[in-house]
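Asks: Have a look at this one.
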Amino acid sequence: MKLILSDRPLDIKITGDHIRYIDLSLLKIANCIGCFGCWTKTPGRCVIRDDAVKVYPLIAASDAVIYVSRIKYGGYDTVMKTMLERAIPVQQAFIQILNGETHHVQRNVLPKKATIIAYGDMSGGQRKLFERLVSRNAHNMNFESYRVIFADEGQLDRKVAEEVAKWEE
Amino acid sequence: MGRVIILNGSPRAPRSNSKRYAEIFSENPKTEYHNIARTNHLTLCDRLADFSDLLIVFPLYADGIPVTLLNFLKTLEQNPPPEKPVVSVLINCGFLEYRQNDVAVDMIKLFCKQNGYRFGSVLKIGSGEAILDSPFKFLVARKIRKLRASILSANYRELHVTMPLPTRTFVRASTSYWTEYGKKNGVTKEQMSTMDIEKEIEK
Ligand SMILES: Cc1cc2nc3c(=O)[nH]c(=O)nc-3n(C[C@H](O)[C@H](O)[C@H](O)COP(=O)(O)O)c2cc1C
């Protein structure tokens, strides 16, 4: 399965049901409260039963993802970051060594090719920092490879369509 | 009035490790402490005017700053105090390597640069989920006092601390820590180790 997660509406045509497109701005997702229930009470399941629980199983089951997010302070802006924080039920509490560093064990999370498309104000070192962030994410979110693309907001539909076309090749 | 105001950006601020770190910092009485909540952003923005130094205490969340803090910074950007305090950071993360906090610290530095705040000191804590209840608590306490001294003397500096353990030993210790955590909830290590993620619920 392949997944497009966007923090804003996109005008894109999806063919085939192996691709899922989710506009996070239409969903109701509260922020993670750090209760660790998904690790220590109901493993694999978030205690907050809002729309995020429809999304993290899809993240886990995808071997390719496109994440579209506004950039803020060199990171994901609120909508995308809220979802990424709510995705920790896909990991175990337990820690392993990965590339010499400590990281959580993933549950059934497919290794994925990730394309991260960031848009918005890119001034003052935001791009460099964002690239470093995604390289950190790669370890914790099971990206086997990733690309970061910076785009104008007006180009997003076209950029996403180009990336989806690569999936179809 | 004190010189330092502490804002806690943990999403579980009232029960957070960040709060416990802030308490060690505040053994010195000249601080004012607040949890960042969804509803108090503007009040906190107003309070900043009275302090020369702001210490933001928060956990690493998904390799960056938690949404709780991100949203506060966005409000602060729109509602800056007339006099801007120097911004220092006390960050903790669950993993052993304190350097995993670097990106989040640089996000705060970027906020400062974009909004005309001077960046002050930083203390990066690794193994921050468990270190306060470990024999290594004194190491953190010592670093927090150094952080405080650096802020109070305006000799700003970068500090870090983590458990002085080989990685493998840390992994074993963390496995015991989390196994105990589950046990208190009546959940076994095997249950916690499930590879299953709840199935997608119909839209
Ligand atoms: C949603 C979520 C994401 C987290 N992401 C990370 C991470 O990327 N790296 C890390 O080392 N620890 C991570 N942690 C662990 C916390 O940083 C750690 O438990 C910390 O001690 C929490 O501090 P607090 O009690 O002050 O909130 C995460 C925890 C949660 C709940």
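Asks: Inspect region A:105-116 for any residue being within 13 Å of the ligand (Cβ to nearest atom) and in contact with a helix residue (DSSP H, G or I) (Cβ under 6 Å, 6 or more places away or on another chain) and give the result as yes or no.
Replies: No, because not a single residue in region A:105-116 is within 13 Å of the ligand (Cβ to nearest atom) and in contact with a helix residue (DSSP H, G or I) (Cβ under 6 Å, 6 or more places away or on another chain).
Asks: A follow-up question, please. Taking the condition of being over 14 Å from the mean Cα position of the chain (by Cα) and either surrounded by 21 or more Cβ atoms within 10 Å (Cβ to Cβ) or not in a helix (DSSP H, G or I) (or both), how many residues in region B:110-142 meet it?
Replies: 10
Asks: So, in region A:112-139, how many residues would count as being open to solvent by 20 Å² or more (accessible area, probe 1.4 Å) and either farther than 19 Å from A:Tyr73 by Cβ or of a type in the set (D, E, K, R) (or both)?
Replies: So the count comes out to 8.
Asks: Take the residues of region A:94-129 that are part of a loop (DSSP other than H, G, I, E, B) and closer than 20 Å to B:Ile108 by Cα: which is nearest to the chain's Cα centre (by Cα)? Show your work before the answer.
Replies: Step one: of region A:94-129, the residues part of a loop (DSSP other than H, G, I, E, B) are A:99-100, A:107-111, A:120-125.
Keeping just the survivors that are closer than 20 Å to B:Ile108 by Cα gives A:120-125.
Values: A:Gly120: 18, A:Asp121: 20, A:Met122: 20, A:Ser123: 23, A:Gly124: 24, A:Gly125: 22 Å.
Among residues in region A:94-129 that are part of a loop (DSSP other than H, G, I, E, B) and closer than 20 Å to B:Ile108 by Cα, the one nearest to the chain's Cα centre (by Cα) is A:Gly120.
Asks: Quick test for you: out of B:Leu60, B:Leu96, B:Leu48, pick the one residue that is aliphatic (A, V, I, L, M), farther than 18 Å from A:Thr82 by Cα and within 16 Å of the ligand (Cβ to nearest atom). Before you say what the answer is, go through the steps one by one.
Replies: Numbers: B:Leu60 fails: farther than 18 Å from A:Thr82 by Cα; B:Leu48 fails: within 16 Å of the ligand (Cβ to nearest atom).
The match here is B:Leu96.
Asks: So A:Ile14 passes all but one of these: (1) in contact (Cβ under 8 Å) with a residue 40 or more places away in the chain; (2) surrounded by fewer than 17 Cβ atoms within 10 Å (Cβ to Cβ); (3) on the phi > 0 side of the Ramachandran plot. Which condition number does it fail?
Replies: (3)
Asks: If you scan region B:33-69, which residues turn out to be β-branched (Val, Ile, Thr) and either closer than 14 Å to B:Pro80 by Cα or not assigned by TED's automatic domain parsing to the domain that holds B:Glu129 (or both)?
Replies: Result: B:Thr43, single match.
Asks: Still on this structure, I have one more. When you check B:Gln78 against the structure, is it over 10 Å from the mean Cα position of the chain (by Cα), of a type outside the set (Ser, Thr, Tyr) and either within 16 Å of the ligand (Cβ to nearest atom) or at the interface with chain A (Cβ under 9 Å from one of its Cβ atoms) (or both), yes or no?
Replies: It is false that B:Gln78 is over 10 Å from the mean Cα position of the chain (by Cα), of a type outside the set (Ser, Thr, Tyr) and either within 16 Å of the ligand (Cβ to nearest atom) or at the interface with chain A (Cβ under 9 Å from one of its Cβ atoms) (or both).
Asks: Separate question: Applying the selection to region B:43-67, what residues are crowded, with 19+ Cβ neighbours inside 10 Å and farther than 18 Å from A:Leu133 by Cα?
Replies: B:Leu44, B:Leu48, B:Phe51, B:Asp53, B:Leu54, B:Leu55, B:Ile56, B:Val57
Asks: Within region A:56-84, track down each residue that is more than 7 Å from chain B (Cβ to nearest Cβ), aliphatic (A, V, I, L, M) and open to solvent by less than 10 Å² (accessible area, probe 1.4 Å).
Replies: Of everything in region A:56-84, those that are more than 7 Å from chain B (Cβ to nearest Cβ), aliphatic (A, V, I, L, M) and open to solvent by less than 10 Å² (accessible area, probe 1.4 Å) turn out to be A:Ala64, A:Val65, A:Ile66, A:Val68, A:Ile71, A:Met80, A:Met83.
Asks: Report the residue count in region B:19-56 for those that are within 14 Å of chain A (Cβ to nearest Cβ) and within 20 Å of B:Leu152 (Cβ to Cβ).
Replies: 1
Asks: Scan region B:149-178 for residues that are over 25 Å from A:Arg49 (Cα atoms), at the interface with another protein chain (Cβ under 9 Å from one of its Cβ atoms), of a type outside the set (A, V, I, L, M) and open to solvent by less than 80 Å² (accessible area, probe 1.4 Å) and jot them down.
Replies: The answer is B:Thr167, B:Phe170, B:Ser174, B:Thr175, B:Tyr177.
Asks: Still on this structure: Name the residues in region A:38-55 that are more than 7 Å from every other protein chain (Cβ to nearest Cβ) and in contact with a helix residue (DSSP H, G or I) (Cβ under 9 Å, 6 or more places away or on another chain), would you?
Replies: A:Cys38, A:Thr42, A:Cys46, A:Val47, A:Ile48, A:Asp51, A:Ala52, A:Val55
The values are calculated or read from the model by the stated rules, or taken from the named source; none is laboratory data. These figures come from a predicted structure and were not determined experimentally. Every residue, glycine among them, receives a Cβ derived from its backbone with ideal geometry; neighbour counts consider all protein chains shown. To get the accessible areas, we keep the full protein, side chains included, count just its heavy atoms, and leave off ligands, DNA and RNA. Shrake-Rupley method; radii C 1.70, N 1.55, O 1.52, S 1.80 Å.
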